[in-house]
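Notes to accompany the following structure.
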Amino acid sequence: MAFRFLDHTADVQAECRAATFEQLLETAAGALYAIAIKDVRSSAGVERMLEVSGTGREELLVRWLQELIYLMDVKRFVATEFDFERADSRVARACLGGYIHDPGARAEEVKGATYHELELRETDDGFLARVIFDL
Amino acid sequence: MSEIELRQLDETTWEIPQTPPMRVPGRIIASEKLLEPIRRDKAANQIANVACLPGVVGYAMAMPDAHWGYGFPIGGVAATDPNKGGVVSPGGVGYDINCGCRLMTTHLEYDTVKPRVRDLVNALYRDVPCGVGSEGAIPRLGRKEMKHVLETGARWAVKQGYGTQADLDATEDSGCMPGADAAAASERAIKRGETQLGTLGSGNHFAELGVVEQVFDDAAARVYGLAKGAVTLMIHSGSRGFGYQICDDYIRVMMQAAAKYGIQLPDKQLCCAPAESPEARQYLAAMAAAANYAWANRQIMMELVRRALQHALRISPRDLGAALLYDVCHNIAKFETHNVAGTPTRLCVHRKGATRAFPGSREEVSAQYRSVGQPVLIPGDMGTGSYVFAGTEEAMAKSFGSCCHGAGRVLSRSAARKAATAGELRDQLDARGIVVMARSKKTLAEEAPQAYKDIDAVADVVHKAGLGRRVARIRPIGVIKG
């Protein structure tokens, strides 16, 4: 699992690679937190269930990230562990472990995950996704 | 994306010829130099995409500060005709609904306050909540109060004691967009915004002390209350988490709506629905609610600024003389009547990173500005300057009464961070007599002056193209950022 950031004039584009779709969702979450949170911790004392639905993996990825953004903004929740019950082209459901970040621990304000130039495809090694976050 | 063909029409106008599936040509208002980055980052391609929207009228346009956005470029303008299947697109408004700015004039003279600028910036930094997730400016609102905010905007703030009627008279739409419906906003949007009212936010949002450095149009400057050497205060912020969630929620609705109405799109982020459809009406009602949140937000912050300056200088409101010149929104969709082939026609004008620039003949312009035209505020980067323009008849003819909203980015955030550290940047600004305080070093570096286009070059194009009449230039002296 790996992510990197590609240059973009106004916002940030993350490129994520993973062997499975579940791991891709986890990697994309990692990319989001790398942008938004200072010094992401590995603690996981808080649990939440998260379920998103979509009409394809691309939409599912964006909905997943938007839910995480909402939880980060409203509940200050950062997910560090992901236990998936289901992750296919229609539904992603996972038990998340994580922590409540300190009020001063935000690095960037992420307005949302966009569909702009969204790319998600299977590769020889698994999956690759590119998604632009609006900052 | 393929290279876009451009045809130069005059010194400041370039046309993207209409080729299928475009429904109208595209127009870019720029100098040859400003055109380079617009071509390079594919904003021109995005204008060609916008020209494909159903019911689009005239031209899809890019302003001189345009750069790549999602769906519409930032600095994009397009009008659709509801009577001809014209659509409404959240991508033509953006995440930060009614991100905008307001400029306040004061009785303060720069020469008098110069020794106290650092104290004033400290006072603003202390009293105006800023930074990612900033909250706590006013007590948490109950649902009933939140409904009033969303449906009455800046009027709610004035009723609570944040400012006066004169502020509303100097705000676009008097600080309240009609048609707002709190019920059109999701519970999530309310949750995301309920603690953020009266806060600046982060990123490119700022509160900036400035001095009127140059006056170009004496008559207009007199009407606007802009005198050389006078201290001003500009606030740039929007609808915070509330607006972002509205955009998120309705992008999903509009993607389904586009499929439902059989609308083919070159870019998913241009998702849309016919203006008269239930989906579009709901979006517009929610968008108006977010616009009102933003106006309430800026109104509260302006009052916090007034109090901070009065307290720091130990002067009365009368001595401070802080008066709102104008408040403009630059991410919005509005129904306006424009001349289309000689016929007054009701259009839905999308301005994403673009400002309304109406002449004095328009009834929408505040009474006090009818003799000179609507003030148009164009903030530049924190190290260079900002401009005040007046709206013109020519803008009505060329751009549906629209102008640019700022300087526009040229560098990515990572490139900006590599160009200078926050400490180096602070020293550079200090050497220019500009005090800056920011919650985030990372954000400060990302917002470095070199990350933005040359505001003087942008202003020059605006003036030459006739989208606005140059009135005054303001030089920054102190900035707070989130």
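The values are calculated or read from the model by the stated rules, or taken from the named source; none is laboratory data. Predicted model, so just to flag it, every value in this text is computed and none were measured. As a convention, Cβ positions derive from the backbone with ideal geometry for all residues, glycine included, and neighbour counts pool all protein chains shown.
Within region B:324-408, considering only strands (runs of 3 or more DSSP E) that don't extend past its boundaries, which have at least 3 residues that are polar (S, T, N, Q) and in contact with a helix residue (DSSP H, G or I) (Cβ under 7 Å, 6 or more places away or on another chain)?
Answer list for region B:324-408: none.
Restricting to region B:78-129, and then to whatever is among the charged types (D, E, K, R) and surrounded by fewer than 17 Cβ atoms within 10 Å (Cβ to Cβ), can you tell me which residue is nearest to residue B:345 (Cα to Cα)? Please lay out each step first, then the result.
First pass over region B:78-129, keeping only residues among the charged types (D, E, K, R): B:81, B:84, B:96, B:102, B:109, B:111, B:114, B:116, B:118-119, B:126-127.
Those left that are additionally surrounded by fewer than 17 Cβ atoms within 10 Å (Cβ to Cβ): B:84, B:109, B:111, B:114, B:116, B:118-119, B:126.
Values: B:84: 11, B:109: 46, B:111: 50, B:114: 51, B:116: 52, B:118: 51, B:119: 52, B:126: 48 Å.
Among residues in region B:78-129 that are among the charged types (D, E, K, R) and surrounded by fewer than 17 Cβ atoms within 10 Å (Cβ to Cβ), the one nearest to residue B:345 (Cα to Cα) is B:84.
Residues are listed down the side, and each one gets a yes or a no for (1) surrounded by fewer than 21 Cβ atoms within 10 Å (Cβ to Cβ); (2) of a type in the set (Phe, Trp, Tyr); (3) within 16 Å of the chain's Cα centre (by Cα):
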| residue | (1), (2), (3) |
| --- | --- |
| B:366 | yes, no, no |
| B:381 | no, no, yes |
| B:384 | yes, no, no |
| B:389 | no, yes, yes |
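Could you grab me the full set of residues in region B:77-89 that are more than 21 Å from the chain's Cα centre (by Cα) and either within 14 Å of chain A (Cβ to nearest Cβ) or free of Cβ contacts under 8 Å to residues at least 60 places away in the same chain (or both)?
Of everything in region B:77-89, just one residue is more than 21 Å from the chain's Cα centre (by Cα) and either within 14 Å of chain A (Cβ to nearest Cβ) or free of Cβ contacts under 8 Å to residues at least 60 places away in the same chain (or both), namely B:84.
If the requirement is being within 14 Å of chain A (Cβ to nearest Cβ), more than 28 Å from residue B:204 (Cα to Cα) and either outside any loop (DSSP other than H, G, I, E, B) or touching a residue at least 40 places away in the same chain (Cβ under 8 Å) (or both), which of these qualifies: B:259, B:280, B:219, B:294?
Details: B:280 fails: within 14 Å of chain A (Cβ to nearest Cβ); B:219 fails: within 14 Å of chain A (Cβ to nearest Cβ); B:294 fails: more than 28 Å from residue B:204 (Cα to Cα).
On inspection, the qualifying residue turns out to be B:259.
How about region B:171-203: which of its residues are surrounded by fewer than 24 Cβ atoms within 10 Å (Cβ to Cβ) and in contact with a strand residue (DSSP E or B) (Cβ under 7 Å, 6 or more places away or on another chain)?
Within region B:171-203, no residue meets the criteria.
What is the residue count in region B:426-454 for residues that are in contact with a strand residue (DSSP E or B) (Cβ under 9 Å, 6 or more places away or on another chain), in contact (Cβ under 8 Å) with a residue 24 or more places away in the chain and within 24 Å of residue B:111 (Cβ to Cβ)?
7
Quick one: how many residues across region A:7-53 are in contact with a strand residue (DSSP E or B) (Cβ under 8 Å, 6 or more places away or on another chain) and in a loop (DSSP other than H, G, I, E, B)?
Looking only at that region, the number is 14.
Tally up the residues in region B:132-147 that are modelled with pLDDT of 85 or more and either aliphatic (A, V, I, L, M) or surrounded by 18 or more Cβ atoms within 10 Å (Cβ to Cβ) (or both), please. Show your work before the answer.
First, the residues of region B:132-147 that are modelled with pLDDT of 85 or more: B:138, B:141-147.
Next, only the ones that are either aliphatic (A, V, I, L, M) or surrounded by 18 or more Cβ atoms within 10 Å (Cβ to Cβ) (or both) stay: B:138, B:141, B:146-147.
So the count comes out to 4.
Could you list, in sequence order, the residues of region B:449-482 that are within 14 Å of another protein chain (Cβ to nearest Cβ) and more than 19 Å from the chain's Cα centre (by Cα)? If you could, list the steps in order and put the result at the bottom.
Kept after step one, since they are within 14 Å of another protein chain (Cβ to nearest Cβ), are these residues of region B:449-482: B:450-453, B:481-482.
Within region B:449-482, just B:450 meets the criteria.
Of B:137, B:189, B:123, B:207, which residue is in a helix (DSSP H, G or I) and away from chain A (no Cβ under 14 Å)?
B:123
Tally up the residues in region A:85-135 that are facing chain B (nearest Cβ under 10 Å) and of a type in the set (Lys, Arg), please.
Matching residues across region A:85-135 total 2.
I'd like to verify a number: residues in region B:41-76 that are more than 14 Å from chain A (Cβ to nearest Cβ), touching a residue at least 60 places away in the same chain (Cβ under 8 Å) and touching a helix residue (DSSP H, G or I) at 6+ places or on another chain (Cβ under 6 Å), how many?
Of the residues in region B:41-76, 3 are more than 14 Å from chain A (Cβ to nearest Cβ), touching a residue at least 60 places away in the same chain (Cβ under 8 Å) and touching a helix residue (DSSP H, G or I) at 6+ places or on another chain (Cβ under 6 Å).
Those residues that are at pLDDT 95 or above and under 16 Å from the mean Cα position of the chain (by Cα), I need them from region A:89-112; list them, please.
Residues satisfying the conditions are A:91, A:92, A:93, A:94, A:95, A:96, A:97, A:98, A:99.
Restricting to region B:396-426, and then to whatever is hydroxyl-bearing (Ser, Thr, Tyr) and away from every other protein chain (no Cβ under 14 Å), can you tell me which residue is surrounded by the fewest Cβ atoms within 10 Å (Cβ to Cβ)? Spell out how you get there, then give the answer.
Of region B:396-426, the ones hydroxyl-bearing (Ser, Thr, Tyr) are B:399, B:402, B:412, B:414, B:421.
Checking which are away from every other protein chain (no Cβ under 14 Å) leaves us with B:399, B:402, B:421.
On the way: B:399: 25, B:402: 30, B:421: 14.
Result: B:421.
Which condition number does residue B:239 fail, the rest of (1) within 14 Å of chain A (Cβ to nearest Cβ); (2) free of Cβ contacts under 8 Å to residues at least 60 places away in the same chain being met?
(2)
Can you tell me which residue among B:253, B:212 is more than 10 Å from chain A (Cβ to nearest Cβ), touching a residue at least 12 places away in the same chain (Cβ under 8 Å) and touching an Asp or Glu at 6+ places or on another chain (Cβ under 6 Å)?
Every option except B:253 fails the conditions.
Can you go through B:27, B:7 and tell me which one is in contact (Cβ under 8 Å) with a residue 12 or more places away in the chain, farther than 28 Å from residue A:131 by Cβ and among the charged types (D, E, K, R)?
Testing whether each residue is in contact (Cβ under 8 Å) with a residue 12 or more places away in the chain, farther than 28 Å from residue A:131 by Cβ and among the charged types (D, E, K, R) leaves just B:27.
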